[in-house]
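Structure first, then comments.
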Amino acid sequence: MVKRELKNSVSEEETALDVANENGKRPIQSSNKDGPKRMKTKSLYRQPTAAELNRLQETENLFNSNLFRLQVEEVLQEVKVKEKTVKRFQEWYNILKSHLISIPEDVKEYDLTEKAFEKHLKVKLPVTNEIRKSKVIFRFHKFTDVEIVGSYMLGCSIDSKLVIDLQITVPAETYTKNDSVNYKYHLKRAAYLAYIASHLRKLESIEEIKYTYLHNCSTKPLIHVKPNGKLGNHLSVHINLVCDSDTYKLHRFSPTRNNLRESWLLSVEQQEGADVGPPTPHYNSSVLTDLTAAENQTFLNETLVNKENLKQAIILLKIWVRQRKLQVSGHVMSMLIAYLVQMKRINNIMSSYQIVRNVWIYLKSSEWDTKGISLHKGQDTPSMEEFHTHFPIVFLDRSGYYNVCWQMCKGTYFALRRESGLAVDMLDNGKINSFIPLFMTPVSILMQFDHILKFKNFPKLKQAILDRAPKSSKVNYGLDQLALVTDTLYDLLSKGLGERAHLILQIVEEEFSWPVTKTVNNAKKNGYVENLSFGFILDAVNAISVVDRGPPANLPDAELFRAFWGDKSELRRFQDGAITEACVWDARALAERRAVPRQLVNYLLALKYDIPSTELYHICSQLDELTARKSAGGQQMEESALAVLQAFDELRRDLRALSQLPLDISAVYGISPVFSYCEPFPALGINLDRNPRRRANASLIKELHNAKLPEYTPVNKAIVELSHSGKWPGELDAFRCLKAAFHLQIAERLSSQHALPAHAYPAHVDVLRNGLVFRLQVAHPKEITLVRREVERGVVRHKESEESAALQCDTVLMPRLRGALHGLHQKHPAFGPAVCLFVRWLSCQLLGDHWPRSVSELLVGAVFTLPAPLQPPAQPAAALYRALKLLATTDWSTHMLAIDFNDDMSREDITELERKFAGRENQTPYLFIATAYDGPQPSVWSRRSPTKQVVLRTQLVARGTLDYLEKALLVDMVDSILPAFVPSLSGYDVLIYLQKRLVPHCTERLDAAQSSLAEEAVVDDVIPVVEFHPVDRYLDELRSAYGEFALFFHDRYGGDVIAVLWKPDVKEIKEFQTLNANALEQVSVGGETKYRVNKEAIVEDFQILGDGLVKEVIINK
Amino acid sequence: MKSNKRTHDFRALELKISEQSISPHTIYFKEHSVREHSSDKPSGRTLFIVNVPPYADEKGLKNAFSEAGTVNSVIFATKPNAEIQSEKFTKETCKLSFKVCYLVFKKVSELNKALELTELRPMNSNGHEIIVGMKKWIQEHNAAVELPQVLKERIETFMKTHDNKTQSEQKQEKQLEQQDDEGWITVTKGGKVQSFARTEKVESKIMAKEESKKKRKELKNFYTFQIRETKMKHIVSLRQKFEEDKKKIVQIKQSRRFKPF
C-alpha cells in the first residue's frame, strides 16, 4: 500500500508536467533549449530518458486511472476561481469591509413589534408576520469584525454561480437570556440583519441587495449582495449573521429541550402549571447553527489548511453533488471530509481521485439514519440515541450538540448514498470513461425519475397536512412549515410505496430572494409560488405488482396495516395458504400495472388528506395511448406481442416435428421486431375477409373496381436453419432454386402433418398459426458466400457488396440481435414499449423511414445498457426522454456507442472499436453503434442510414421535443403531451396528400378515436392478404425513381401525407450527358441551351405513379 | 464545347402520358450508332432514347412514335450498352428509375421519319393505358402468389437445365485434360491431376505458410541490434499508448471543454 502511494505521487508530478505541456507553456522552453536538433528526433524512436521510461511504465500499469487523473486536472483547472476575479473581489471586499466597520454604535432601543424601527431604517425585516408576536426590545451593538468564511476561504469553491460567504458575529450582549425561546432570537437577528442592510444600501459598489434564505429555510435569512460592475457577473456575496459562542450554553439546545412554547406558537392561553411541552430539536438546531458556526469553521480550517488534495476532493465532490442537484451543501461535504480525516480513512497524501473514491465507498455503506456519526470527542454531550429519536439523519459537529444534517430529509440522504454506490460502480466499470458521467453530465429531473408527483394545489395540501399534524411535530418544526410538510409526505409515500420504489426524493423549487424594501409576505404574493414535488425511482419488478401483502390477520401488526390503508385493506387468502391483510389494485394490462404507483398515491392522499386525484399531477403514463391499439379497443402492444410469441413457440414445435423433409429443421429464429416487443402495432390475428378470393392457400386482392381493400396485415418473419449438408449447389441461382424447393416441401408438410394453411413462394413460406401469419425463410451461410463470390483472373475472390451485407444482416446477424434484444426486454420490461414510443416519435416526425428499425432499437437499448450516470429506467416514458436526450446531446461525429448486451465485449474489444471508429472514412456511418453481434463490419446496422443530414435534423427535432416536454410536464402540467408528436409540415417543398382510407394503420393516428373491434369469425383455413402496403410500395417507387432529386418523408403509422424535400442541387444548371440525362429539361440561359431538372414534370409524375392513392399534390411556396 | 457537340446529335421532344399532361418530361433521342451492332439493335433502324420516364412501357413508346411508323421491338435498359441478363430462376423486380430505350423500327425510312418528328403522341392512346398506382400494385401482389404446382414445375425445369449445363461443363473440363497439339495439359479441378482450388482463401493460406517458413529460418535476439530493437519497440508501443491517451483528452477537451456546468 505504502509503496503504491509512493508511486502514485511520482506519477502525479509527471501528470502535472504533462498538463503544463498541453497548456502550451512548456514546449517553447524546451524547443529553445534543445534547438532544431531535438526537433528532428522528437519522433517515436527517440532515445528515452530515465524519467520518461518511469512515466511510461506507470502509464501502462495505471492506464485507466491515469486517464482519469488527466481529466481531473482539467476539470479542476476549469472550475478554479480566476485570478482576475480574486483580485477584483479583494478590492471590492476592502471597500465593503471598511464601510461595514464604519457603522456607528447605536444606543437607541427599538420595540420590534412596532413599525417605527422599519420606518427608521427604510428597509423591512426579513421575517414573516407570525414571528413578531412577542415583544422584543432591540439595540444595535456594534460588531467587531467581518470575515470571509465557507468554501471561498477554504479554497474549495467552484467558479460557477460562485457565492462568497461573509460572516458577521453578533455580539453576545445583543441577546438577553430569555431570547432563546419563541423566535425572539430570530427576530433580533433579523433586526440586526436589516440594520446592516439599511447601511449597505448607500454603498455605491453594490448593484443589488436582497434578502434570501439559507437552504430555503424560512427561519434563516441572509443578505444577498450583487457587486457592481463585471464582478457582479461572476459572483454574489451572502452576508450571514452568527452569534458569539458564549451567548448561550449549548446544552440549552439539546435535542430533548423545549424552546418553543406551544402557547406562543398556537396562540392559546397557557395553562397554569403545565410542563414546558414537547422537545423542539428542529427549532433548537436553528439557533445552534449560529452558536456553533465559529467552532466548526476553525475546525475545518485546521483540518484543511494547506491540504491541497483534500480541497481538490471537496471540489470534485461538490461538482458531483451539483450535477445531481442533491440538496447537500458544500459545508456538509467539507465536514464529511474532515470526519473521514479524523477517522484516518483518508489523508492528504492520497490523490484527490483516491480520496473521492474512499468517500464514496464510505458513503455507500454508511447508515446515518440509524448509526449517526460525530466529530465530537468526549462523553459529556447528549447520546447518539437521543439524536436519532429526534432527527432522521444524524451527523454531529465538533461541539456534539449540533446536528449538521438537521435539515436533511431522509430522501436526500438515501439519494446521496445511492449515488455514491452508483459512483463506485462506475469507477469500477472499465468499459466506460467513468469521468464523464460522474462529473460532466448534469442529471435533469425528467431523466432521473421514473415517476414524478406534482401538486396542482399545494397550499391546500399544505393546510391539510398542517391541520392533521400532531401537536408535537408542529411545535418542533415551528414556523418552518415546508420542512414539516416535506417530512410528513415523505414518510407517507415511503411507507405506501415500500418495495416499489428504490428512491423517493423531494424536488424543491429554486431559491427565493426578495428586495430588502419588501416584506416576505408581500414578496411571496407576487410571483413566488411555494411548491414541492416528489420523484420516484421505481423497482421495475415490484412496482407493477397489483397486491400489497400485509401481515397475517392474527398478528397485532395487522391492525396497523388496516389503520394505514383504510378500506382498501382486506383479508385475502393466498395460494400458499396464508391468510393476510392485503391491498389489491385494479390493473390488468402491463401498461396499467406500470401505473399502479399512481393509483396508490392517489388513494393514499385522498384517504389521508382528502386531496382529490384531480389536484395531483403524475408524470408517468401520459404516453400509454401511443402503444395502445385504438382500433382494437385499446389493446396494449405487449399483450398482442405476447400472443404472437406464444403462437410462434407453438409453430416452432410443429416445425421441429416435421418429418419426411430431406434435411431436418435444426433451428427457427424470429427476426421481426415483434419478437422483442419492439413493434408498436403487432399483427392481431384477425381476418375480416369472410369471402376471400383465393389461390391455393393464399388470398388474393380483389381487383374489382370498388372492392374494399383488405386491412393491412403484417407478417412475422422467421429464419429457418436446416441441418448440415454438403450438397448445396455452388451456383447462386441453383442454390436459390433448391431453397424454393425446400420452401415448397415445408409448406406441403405443414399442411399435411399439422393441418396448418401454408403457401410457398420462391423466397419464403407463409404459414397461418392461431390466425397469425408467419413468414419462414430458409437460410444458409453458403448463400452469402455465393453472393460475395467473384471471379477475377481465374482466382475466386469474396467481395462484400450491399446485397451480401443485407443478406448477412437478415439471416445471420438479425437472429442474434433479436435474441439479445429479447433478453434485454426480459431484463428491463420497459425496453420494448420504450422502443415503440421512440419509433412512433420518429415516425410522427416523418423521419421513421430514414432510421432503420434496428438502429432505433439499439439507440434505445443504449439507454438501458449504458445508463450511467443513472440506473436503467423502469418506465417507458422515462426511457423515451432519455433516448431523446442521448440522441440530442451526443456529438455523433466524435462519439460512438458500444452496446454490450451480455458482457461479450472486453475492454480491448471496445478500444479496438474506438480505433475503427476514429479511422472510418468520411464519417460513415455517422451514427456509430457497435454491438458484439455486428460481424466483421462494426456498426453494421447504421451502415447506410441514417445519414449525417438525417441525424442532424433528428437531433434538432429531439431538442425541440425535449424543451416542449420539460415545459409541458414540469411547469404547465398539461394533461396531454401528444403535441410533441405532431410534426410541422412547413419547410417541405411538396406535400402529397393520400386517400385516407387506403392508408394502413390510419385508425391508429393520434387524432383517431378509439373503437372496439367488431367480433367476427376468424377464417382459419386461408392465409389472409399480407404485407400489402400501398403507401410503402408508392414510396419505394418514388425513392428508386426520384431518390437522386428529392427526399421523401412519411409517417408509417397512419400518415396521410408524404412530404417531399428537393435536394439542394436540383436547382443547378447542368450540362447534358448521355449517362446523366435523367429528368433534364432544356432552358435557355443567355441564348445558350442549358439543362435543368424538370421539377414540374417530376411533381406531375408523383400524381401519375400514385394513381388511385394520391388525393392531391400541393407545392409549398 | 465537347458536350455541346454531342448534344447536337440528340433531338429533344416532350413525351406526354396523356393529352391532359401539363408539364411532361423531355426525352432525347438519336440514331443508335455504335461500332458493333448486335442483331437485336440493327444499325440504321434503331432509335436510341435517353431520359425515358420511369413508368413508360413498351406499348406507350410504340404509341408515342406511331406517327413515324411501326415499331418492331422496344428494349429498355437502365444504362446504355448494359448487358442483358440471362434467364434466372428468381425474377428480380426491376426498380423504377429513368431509363434508356432502344426502339427498333421496321424500315430505315421510318427511323428517318422519327428523327424528323416535331411532336410525339401521348403514350396513353390507341386504347392503351399504362398500368400505374393501385392497379399495378394489386396486380403485382396477386401475380406473386403462384400455385404450388406451377412453382414446382418451374423448379423442376430449372434444375433440369442446370444439371444439363453442369454436366456439359464437366465434360468440357474432361476434354481440356487431354493433351493438345503442342502437348500441353490444362489442369482443372475435376481432373486426375491433383491441384488446389484457385480461391483467395487458399492463396492467402499458402502465402502465410511461406511467410512462416521464412520466419522459422530467421534468428531472433542473436545480434545486439536485434535486442536493442525489441526494447525500443516496447517503448514505442508504450509511447503510442500514451499518445493515444493524450489525444483522447484533447478530443474531450474540444467537445466538452471540461465545463461541467
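The values are calculated or read from the model by the stated rules, or taken from the named source; none is laboratory data. Computed from a prediction, not measured in an experiment: that's the story for all the values here. Virtual Cβ from ideal backbone geometry, glycine too; neighbours counted across all protein chains shown. To get the accessible areas, we keep the full protein, side chains included, count just its heavy atoms, and leave off ligands, DNA and RNA. Shrake-Rupley method; radii C 1.70, N 1.55, O 1.52, S 1.80 Å.
By a straight-distance test (C-alpha under 16 Å), which aspartates and glutamates pair with residue A:1095 as possible cross-link partners, with residues fewer than eight away in the same chain excluded? Filter leaves A:989, A:1044, A:1065, A:1068, A:1081, B:14. Shape of the stretch A:435-554 from the C-alpha gyration tensor: oblate (a/c of 1.5 or more and a/b not above b/c, with a ≥ b ≥ c the square roots of its eigenvalues).
If a/c stays under 1.5 just call it rounded; otherwise compare a/b with b/c (prolate if a/b is bigger, oblate if not). Do that for the stretch B:200-256, with a ≥ b ≥ c from the square roots of the Cα gyration tensor eigenvalues. Taking the square roots of the gyration eigenvalues as a ≥ b ≥ c, the stretch B:200-256 is oblate. Adding -39500 (n - 2.57) for every DSSP H run of four residues or longer, then dividing by how many residues chain A holds, sets the calculated 222 nm ellipticity at -12500 deg cm²/dmol. Residues A:148, A:784, ordered by accessible area of protein heavy atoms at a 1.4 angstrom probe radius and largest first, appear as A:148, A:784. A Förster radius of 51 Å combined with the Cβ-Cβ distance from residue A:920 to residue B:198 puts the calculated FRET efficiency at roughly 0.95.
DSSP assigns beta bridges within the protein assembly as shown; of those with both partners inside it, close to 85 percent run antiparallel. With a simple spin-label model that places each label point 7 Å from the Cα along the Cα-to-Cβ direction, the separation between residue A:658 and residue A:343 comes to 6.6 nm.
Computed from backbone phi, the HN-Hα couplings of the stretch B:161-168 come to 5, 5, 4, 4, 4, 5, 4, 5 Hz, rounded to whole numbers (Karplus: 6.51 cos²θ - 1.76 cosθ + 1.60, θ = phi - 60°; Gly and Pro given as x). Using a simple spin-label model with pseudo-atoms 7 Å out from Cα toward Cβ, residue A:443 and residue A:525 lie 4.1 nm apart. Among B:121, B:198, B:154, the largest mean-square fluctuation in a Gaussian network model of chain B (Cα springs under 10 Å) belongs to B:198. If amide hydrogens are placed 1.01 Å from N in the peptide plane, which non-local residues have theirs closer than 5 Å to the one on residue A:722? Counting only residues 5 or more places away or on other chains, the set is A:666, A:779. Using alpha carbons only, how many degrees (0 to 90, rounded to 10) separate the axis of helix A:63-79 from the longest principal axis of chain A? For A:63-79 against chain A, the angle is about 60 degrees. Based on protein heavy atoms only, the stretch A:892-991 ends up with 48 Å² per residue of surface accessible to a 1.4 Å probe.
Does the stretch A:516-671 come out rounded, prolate or oblate, given a ≥ b ≥ c as the square roots of the eigenvalues of its C-alpha gyration tensor, rounded meaning a/c under 1.5 and, failing that, prolate meaning a/b above b/c? Oblate, because a/c is 1.5 or more while a/b does not exceed b/c. Within the same chain, lysines fewer than 8 places from residue B:107 are excluded, and of the rest, those with a Cα less than 18 Å from its Cα are B:30, B:41, B:62. Solvent-accessible area per residue in the stretch A:630-786 equals 40 Å², computed with a 1.4 angstrom probe and all protein chains kept. Residue farthest toward the positive end of the dipole of the protein assembly as shown, with Cβ of Lys/Arg at +1 and Asp/Glu at -1: which of B:223, A:532, A:391? Going by the Cα projections, it comes out as B:223. Helix content alone sets the calculated 222 nm mean residue ellipticity of chain B: runs of n ≥ 4 DSSP H residues at -39500 (n - 2.57) each, divided across all residues, give -15000 deg cm²/dmol. List residues of the stretch B:101-145, by number, whose backbone nitrogen lies under 19 Å from a label position 7 Å along Cα→C-beta of residue B:33. Backbone N within reach: B:101-105, B:107-117.
Inter-chain Cβ neighbour count for A:1039-1045, averaged per residue, equals 3 (cutoff 10 Å, partner chain atoms only). Each Lys and Arg Cβ is given +1 and each Asp and Glu Cβ -1; about its Cα centre, the protein assembly as shown then shows a dipole of about 3360 debye. Evaluating 6.51 cos²θ - 1.76 cosθ + 1.60 at θ = phi - 60° for every residue in the stretch A:107-119, the Karplus couplings come out as 8, 6, 10, 10, 8, 6, 6, 9, 7, 4, 5, 4, 5 Hz, glycine and proline recorded as x.
Against chain A, whose longest principal axis is taken from its Cα atoms, helix A:1095-1105 shows a tilt of about 70°. Counting only protein heavy atoms and a probe of 1.4 Å, the accessible surface of the stretch B:2-131 is 46% carbon and sulfur. The accessible area of residue B:125, taken with all protein chains in place and a 1.4 Å probe, comes to roughly 20 Å².
Here the dipole of the stretch A:351-416 is about 320 debye; that uses its Cα centre as origin and unit charges on the Cβ of Lys and Arg (positive) and Asp and Glu (negative). Computed from backbone phi with θ = phi - 60° and the Karplus coefficients 6.51, -1.76 and 1.60, the 3J(HN,Hα) list for the stretch A:341-353 is 5, 4, 6, 6, 8, 9, 8, 6, 6, 5, 6, 4, 4 Hz; x is used for glycine and proline.
In this structure, the pairs whose alpha-carbon distance is over 26 Å, taken from A:84/A:967; A:230/A:525; A:210/A:230; A:727/B:171; A:226/A:410, are A:84/A:967; A:230/A:525; A:226/A:410. Between residue A:894 and residue A:1096, the FRET efficiency estimated from the beta carbon spacing at R0 = 41 angstrom works out to 0.45.
Ordering A:478, A:434, A:50 by the projection of their Cα atoms onto the charge dipole of chain A, which places +1 on the Cβ of Lys and Arg and -1 on the Cβ of Asp and Glu, puts A:50 at the extreme positive end.
Rolling a 1.4 Å probe over the protein heavy atoms of the stretch A:543-688, with every protein chain left in place, gives an accessible area that is 48 percent carbon and sulfur. Modelled this way, with points 7 Å down the Cα-to-C-beta line, the labels at residue B:106 and residue B:175 are 4.3 nm from one another.
Between the Cα long axis of helix A:2-22 and the first principal axis of chain A there is an angle of about 80°, rounded to the nearest 10.
Report the calculated FRET efficiency for residue B:77 and residue A:803 (r = Cβ-Cβ distance, R0 = 22 Å), to the nearest 0.05.
Given R0 = 22 Å and the Cβ-Cβ separation, E is 0.65.
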